[in-house]
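First the structure, in the form of structure tokens, and then the observations on it.
The values are calculated or read from the model by the stated rules, or taken from the named source; none is laboratory data. These numbers come from a predicted model, not from an experiment. Note that we place each Cβ from the backbone using ideal geometry, even for glycine, and neighbour counts take in every protein chain shown. Areas reflect the complete protein model, heavy atoms only, side chains present, ligands, DNA and RNA absent. Shrake-Rupley method; radii C 1.70, N 1.55, O 1.52, S 1.80 Å.
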Amino acid sequence: YAYVIGAARDGGKGQVVNLDVRRRIAEVPLPGLPHLGSGITWQWQGRTVLATPNLKQGVVSVIDMKTWQPVKQIATNGPGFFMRSHERTRYAWVDAMMSPRKDTLQIIDKETLEIVARVTPAPGKTAAHVEFTRDGRYALVSVWEMDGALVVYDAVTFKEVKRIPM
């Protein structure tokens with residue numbers, strides 16, 4: 001909790017504020033409108049990275065938190081809102097709920113920074129807001145429309161385990 005990152009709605013860059021020294025310490029080139037509140041962090045190649053989905057562009061930005069420079073821009077199915085992972089899983093799940101492909105979640109390997117799988121819980125319906133069980137074994141996916149569901153996936157195989165109508 002030493003840093004705050006903000007981005008302007010007109011896009012292009014973010015600013016990093018160090019809360020200890022109470023001033024901006026870096027600018028980060030970021031396309032579109034990153035949804036920083038949904039960003040996640042993990043250890044990658046010996047350093048901490050931050051990844052964030054984008055509300056205006058189909059991209060996940062991965063940023064080195066030491067240099068505050070982008071490591072990679074991962075192309076996605078379209079603009080998304082939620083990105084989630086768990087410390088006990090190798091994968092990060094990201095939606096594209098702001099796009100025509102709102103029904104499909106993409107799964108990113110946190111080691112290779114590549115999309116390794118896709119799941120479509122309910123064709124044509126919004127799949128979003130993944131959360132994990134406490135032990136990280138299962139990913140819980142919300143299907144938002146009427147006659148939606150909470151869909152439980154195995155977080156390693158990405159196979160559906162259970163569907164609870166909502």
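Some observations on this one:
- Scanning the range 18-56 for residues that are in a strand (DSSP E or B), aliphatic (A, V, I, L, M) and open to solvent by less than 50 Å² (accessible area, probe 1.4 Å) gives A26, V28, L30, I40, V49, L50, A51.
- Here the range 116-154 is the region considered, the condition is being open to solvent by less than 20 Å² (accessible area, probe 1.4 Å) and in a loop (DSSP other than H, G, I, E, B), and the residue that is modelled with the lowest pLDDT is G148.
- Checking V71 against (1) in a strand (DSSP E or B); (2) closer than 24 Å to V156 by Cα; (3) at pLDDT 95 or above; (4) of a type outside the set (S, T, Y), the condition it does not meet: (2)
- Test result for A92, small (G, A, S), touching a Gly at 6+ places or on another chain (Cβ under 7 Å), within 25 Å of L33 (Cα to Cα) and surrounded by 18 or more Cβ atoms within 10 Å (Cβ to Cβ): no
- The set of residues from the range 74-102 being over 16 Å from P123 (Cβ atoms), assigned to a loop (DSSP other than H, G, I, E, B) and among the hydroxyl-bearing types (S, T, Y) comprises T76, T89.
- Condition broken by K66, with the remaining ones in (1) in a loop (DSSP other than H, G, I, E, B); (2) closer than 24 Å to G136 by Cβ satisfied: (2)
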